[in-house]
Amino acid sequence: AALVVDAFNTCTTDDQQCKFRKGVLAGIVMEIAPGQMEVVSLGSGTSHRSPSRADRARPSARIFDCHAEILARRGLLIFLMQE
C-alpha cells in the first residue's frame, strides 16, 4: 500500500488540490525481482454513488463502486499490451 501512496504523491507533486480530493486510491504492484516491487498502474476516484430507487429494485443490474479500481485495471491492461 505504501508503494501505491508514494506513486500517487509523486504523480501529484504539483497539484495539492488533487491530493486533498482523492477518495479512493487503487494500484497494481508487480514484483520485478525478489523483494523489489514496482507500481505498474494507478487509479484515483470516488468509491461509489448512491443507487436510485430504480437501481435498488434491480440490485444486480449495476455496479456502484470501483471507479479507482477500474482505472487501475485499465492501466494494467495497457501495461500488459505494451509488454
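Go through segment 28-83 and give me each residue that's over 15 Å from the mean Cα position of the chain (by Cα), assigned to a helix (DSSP H, G or I) and either of a type outside the set (A, V, I, L, M) or modelled with pLDDT of 90 or more (or both).
Selection gives 53, 55, 56, 80, 81, 82.
What residue, among those in segment 1-25 that are among the aliphatic types (A, V, I, L, M) and modelled with pLDDT under 90, is nearest to residue 72 (Cα to Cα)?
First, the residues of segment 1-25 that are among the aliphatic types (A, V, I, L, M): 1-5, 7, 24-25.
Next, only the ones that are modelled with pLDDT under 90 stay: 1, 5, 7, 24-25.
Values: 1: 14, 5: 13, 7: 13, 24: 11, 25: 9 Å.
Across segment 1-25, the extreme among qualifying residues is 25.
Any residue in segment 68-82 that's free of Cβ contacts under 8 Å to residues at least 60 places away in the same chain: show its pairings with residues that are in a helix (DSSP H, G or I) and open to solvent by less than 90 Å² (accessible area, probe 1.4 Å) at Cβ separation under 9 Å, as long as the two are six or more apart or on different chains.
72/4
The values are calculated or read from the model by the stated rules, or taken from the named source; none is laboratory data. All values reported here derive from a predicted model rather than from experimental measurement. Every residue, glycine among them, receives a Cβ derived from its backbone with ideal geometry; neighbour counts consider all protein chains shown. Keep in mind that these areas ignore ligands, DNA and RNA; they rest on the heavy atoms of the full protein, side chains included. Shrake-Rupley method; radii C 1.70, N 1.55, O 1.52, S 1.80 Å.
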